[in-house]
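K.L.:
After the structure tokens below, expect a handful of questions from me.
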Amino acid sequence: MAEVGEVSEGCRLPVLRRNQDNEDEWPLAEILSVKDISGRKLFYVHYIDFNKRLDEWVTQERLDLQRVQGPRREPRTPGKNGGSRPGSPDRDTRKSQDVATTLSPPGPPPVSPPGPAPVSPGPPPGTGTGTLVPLHVTLRWHLPTKRKVEVVSPATPVPTPSETSPAALFPQNGSARRAAAAQPGRKRKSACLGTDEDSQDSSDGAPSAPRMTGSLVSDRSHDDIVTRMKNIECIELGRHRLKPWYFSPYPQELTALPVLYLCEFCLKYGHSLRCLQRHLTKCDLRHPPGNEIYRKGTISFFEIDGRKNKSYSQNLCLLAKCFLDHKTLYYDTDPFLFYVMTEYDPKGFHIVGYFSKEKESTEDYNVACILTLPPYQRRGYGKLLIEFSYELSKVEGKTGTPEKPLSDLGLLSYRSYWSQTILEILMGLKAEGGERPQITINEISEITSIKKEDVISTLQYLNLINYYKGQYILTLSEDIVEGHERAMLKRVLRIDAKCLHFTPKDWSKRGKW
């Protein structure tokens, strides 16, 4: 049996925790840091194969000292410059197989492959095969308990796996940016409510070249203990107290405080309640800066230009980083628009969530980062944000897709939204003049503004594509229909296009942002 003093950073051992069913379990965890408070040791642990948001400080009573594993020597893998970097324990190396249906011209019936794995709250399945793009579908009624939709598959080139595979469309990583730690010792303009210039210096992870996309896949070679640990205990935002999930590069002197106080309207931060109260006497904002482009009932959306409202945009990114993992925090917000959703009451417009998008995207991205704050999750606001992003794409006359990879929660929300939207289209098809109703993949994409690759991947994910009487068809079983109808009854929050007042801008003609 090991002694407490022998447990050091890098050791792995079982740690006691409560699961969702309020039962005790002993998952394997890695010790990331050890600190001593008044002679009592505390250990910061990361549960292997669990999301980092569950990482926490634990006491020695929760450690199983009989099964301690020494620090591992991680395999060295080549880095960008031919060097090497240590592996990260929280990198998921397991690759589950997600078998996708491969379409080919009509011929002998192939052996039906197993369907995709069911949705889980953890990382999505791994890779799948490329598919021939079905360009034309015809609705047919055959069996009393199933709806049949023919898929006519002309002999067109097979897209590459990177275009249509579930691995590309449903990647495994979290959000794509990672944080850069603020350098200590820098002069602050104010010790109270700080501006974003207070934390702009980021020695680790600062881009050396202009960004080409809204968010980049994290280069794990920069991982260190600092950015792997939650550095903020609690955030007070209006009437809510939030427990951050991940690291965020707020000024170092503020992260040691028990509570970080934020103004819920301008999102500036302070180190005490008195500072916040003094700030509120001078802050005249009662809603996010920018233009209100949508209002229905108590829900409003504000469009914020990252160049015109840089301070607010930077503060919003700092707050969002607390709940988005592996997201590089850039302080250059000029190329971005931020769409903030709020709830109104007599005290003002309170932030619920937001998404950002590039002013110009060469990849047809209509969302760069998206977040619903924890107090408002599981209430339909996530789908409302997604639906709003596609309504903007409809006004712009474009098809859009979110930047990949998505976070685990973002992935689940997008899968659900795509499934419900596409099923709503298919179930609404009606026969005209005795002919079978017909619709193409391109038409579904144009109606919904969902990119064609996302439409195809969703049909594959739902396992709707089958081979029937010499042709490929989409089969809508009664289970799928009933499940969709139940889901739509629960989805009471919807975007009303009539309440949207939005005029898209051609940023390519506006010169400098």
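The values are calculated or read from the model by the stated rules, or taken from the named source; none is laboratory data. It should be emphasised that the depicted structure is a prediction, and the values quoted were computed from it without experimental measurement. Cβ sites come from the backbone with ideal geometry, for glycine too, and all protein chains shown count toward neighbours. Surface areas here come from the heavy atoms of the whole protein model, side chains and all, with no ligands, DNA or RNA. Shrake-Rupley method; radii C 1.70, N 1.55, O 1.52, S 1.80 Å.
K.L.:
Rounded to the nearest percent, how much of the accessible area of the range 446-513 (1.4 Å probe, protein heavy atoms only) is carbon and sulfur?
P.N.:
Taking all protein chains in place, the range 446-513 shows 51 percent carbon and sulfur surface.
K.L.:
What's the ranking of 22-31, 256-265 by average number of surrounding C-beta atoms within 10 Å, highest first?
P.N.:
Result, highest mean Cβ count within 10 Å first: 256-265, 22-31.
K.L.:
So how much accessible area does His287 have, in Å² to the nearest 10, using a 1.4 Å probe?
P.N.:
His287 has an accessible surface of roughly 70 Å² with all protein chains in place.
K.L.:
Still on this model: Any idea of Ile439's accessible area? Nearest 10 Å², probe 1.4 Å.
P.N.:
10 Å²
K.L.:
Distances over 18 Å make up what percent of all Cα-Cα pairs in the range 13-68?
P.N.:
Of all Cα-Cα distances in the range 13-68, 29 percent exceed 18 Å.
K.L.:
Where only protein heavy atoms count, and the probe is 1.4 Å, what is the accessible area per residue for the range 324-462 in Å²?
P.N.:
Per residue, the range 324-462 has 35 Å² of solvent-accessible surface.
K.L.:
Can you pull the one-decimal nm distance between simple spin-label points at Gln60 and Lys398, each 7 Å off the Cα toward Cβ?
P.N.:
Roughly 5.8 nm, to one decimal.
K.L.:
Mind ranking Tyr250, Tyr468 by accessible surface for me, highest first, 1.4 Å probe?
P.N.:
Tyr468, Tyr250
K.L.:
Right, something else. Can you figure out the FRET efficiency of Val4 with Arg379, using R₀ = 41 Å and their beta-carbon distance, to the nearest 0.05?
P.N.:
After rounding to 0.05, the efficiency reads 0.45.
K.L.:
Here is a further query. Please tell me which of these pairs span more than 19 angstrom C-alpha to C-alpha: Lys268/Lys308; Lys35/Lys230; Lys230/Lys308; Lys310/Lys509; Lys310/Lys359?
P.N.:
Going by Cα-Cα distance, Lys230/Lys308; Lys310/Lys509 fall outside the 19 Å limit.
K.L.:
Determine the distance separating the Cα centre of the range 436-468 from the Cα centre of the range 1-68; give it in Å without decimals.
P.N.:
Using only Cα atoms to place each centre, the spacing works out to 47 Å.
K.L.:
Give the ranking of Tyr417, Tyr467, Tyr344 by solvent-accessible surface, highest area first, calculated with a 1.4 Å probe.
P.N.:
From most exposed to least exposed: Tyr344, Tyr467, Tyr417.
K.L.:
Probe 1.4 Å, all protein chains in place: accessible area of His350 in Å², nearest 10?
P.N.:
10 Å²
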